[in-house]
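Undergrad: After the C-alpha cells below, expect a handful of questions from me.
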There are 2 protein chains.
Amino acid sequence: MRIGELARRTGVTPRALRYYEEQGLLTPERRPSGYREYGDRDVDAVHGIRTLLAAGLNSAAIAEILPGLPLPGQRQAGPTCPELLDGLARERARITRQMDELAAARAILDAIMGAEAPSEVIRTPRA
Amino acid sequence: MRIGELARRTGVTPRALRYYEEQGLLTPERRPSGYREYGDRDVDAVHGIRTLLAAGLNSAAIAEILPGLPLPGQRQAGPTCPELLDGLARERARITRQMDELAAARAILDAIMGAEAPSEVIRTPRA
DNA sequence: CTTGACTCTGCCGTCGGCGTGAAGGTCTAG
DNA sequence: CTAGACCTTCACGCCGACGGCAGAGTCAAG
C-alpha cells in the first residue's frame, strides 16, 4: 500500500510516517516512480512505534530495539544481540520508574481532590 | 532562605526555580536588594512541582491545581473551586491513561526480551 | 576597601517529534 | 488530454522546560 493508506489505517499522518523512515524505524520499498510501498506488517509496526513513543522512548531507542518486533514465530534474523538486551532492560527500567512517578503524581492529585471535594463521595474511586 | 540554598535542598537549579516563579508556581518574598527569599514550605512545594512535571503536567496545569497543595490542615483560602476539580479530574485521567500506555509499552519490551533472551530465566520478573 | 561568592534581569540556544507549506512529479477516471 | 488526488523532496516553524551566558548589583569576611 502507499503512504496515504497506511496513514489512514494507523491514524498517523504521512509526515510522521516519513519521519519514522528518516529515523530508521520503517524501510518501505520504492516504486520506480519514487512512491513508497508499505506491507501489511507495517501497520502493526506503526502501532508498536506509537506505543513506544507514547511511553517516552525516543526514536533512536526504538530503532535499536524494534527489529525484534514482528513476533510471528521467533524466526528472526536477529543475532539475539547482547547489547540489545541491555537497551531493552534500560528502557524497561525507565518505564517502571515512570509508572512510579505517575502513581506519585496521581496520589498528589487524589490528596488535593480529597481535601478540595465538599465531603462528597470520592469521584472515580480507584482505577 | 535564598535561591541557592533552596536549589541545593531540592536538587533543582536556580534557573529552574526562577522559571517556576515566572510560571506562577512559586511566589517568594523579595528582600530590599531584590533577592528572593523562600520559606521552608517551598521545599515541599518544589518537590510537588517536580513530581507533577515528571508526570507530564505542564506548568499551566500545575499552576491551576497547586494552590491546594500545602495540605497542613484543610485550612486553605481556596473556595473549593468547581472548575478546579474539573482540571484535577482531567489530569488524573491523563495520568491513568499514560500508565496504561506505559504498561502496553512494557509488555512489548517483555515480549521482545522473552523472544530474544536465550531461553534463560526472565530478568526482573515482575515490578 | 577589596575580594569572592552569590544573586539579579534579560535574552538567545536546545532538543524531539512532528506541522505546514512550496514546488514539482505520478497516476487514474472521464 | 486534463483535472484532481496523490505522491515526492526540501526546509522553516513550533512548543515547553529549561541551560547558559552577559553585564551588573549585593553582601559577608578579611
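Undergrad: Once amide H atoms are built 1.01 Å from N in the peptide plane, which residues 5 or more positions from B:Glu37, or in another chain, come under 5 Å H to H?
TA: Amide H neighbours of B:Glu37: B:Glu29, B:Arg30, B:Arg31.
Undergrad: Ok, one more. To one decimal in nm, how far is B:Ala63 from the same spot in the other copies, if labels go 7 Å from Cα toward Cβ? Please give the shortest first.
TA: Distances to the matching label points in the other copies: 3.7 nm.
Undergrad: Sticking with this structure for a sec: Counting partner chain Cβ atoms within 10 Å of every residue's Cβ in B:91-100, what's the average?
TA: 5
Undergrad: How many nm is it between the label spots at B:Glu29 and A:Ala16, if each spot is 7 Å from the Cα in line with the beta carbon?
TA: Label at B:Glu29, label at A:Ala16, 5.0 nm between them.
Undergrad: Additional query: Which whole number gives the average count of other chain Cβ atoms within 10 Å of the Cβ atoms across peptide A:42-53?
TA: 2
Undergrad: At A:Ala115 and B:Ala63, where each label point lies 7 Å from the Cα along Cα→Cβ, what is the point-to-point distance in nanometres?
TA: 2.1 nm
Undergrad: Across the stretch B:15-21, in residue order, what do the Karplus-derived ³J(HN,Hα) couplings come to in whole Hz, using 6.51 cos²θ - 1.76 cosθ + 1.60 with θ = phi - 60° and x for Gly and Pro?
TA: 4, 5, 4, 5, 4, 4, 5
Laboratory data are not the source of any read-out in this text; all were calculated from the coordinates shown. Model, not experiment: these values are computed from the prediction. So basically every Cβ, Gly included, is an ideal-geometry build from the backbone, and we count neighbours across all protein chains shown.
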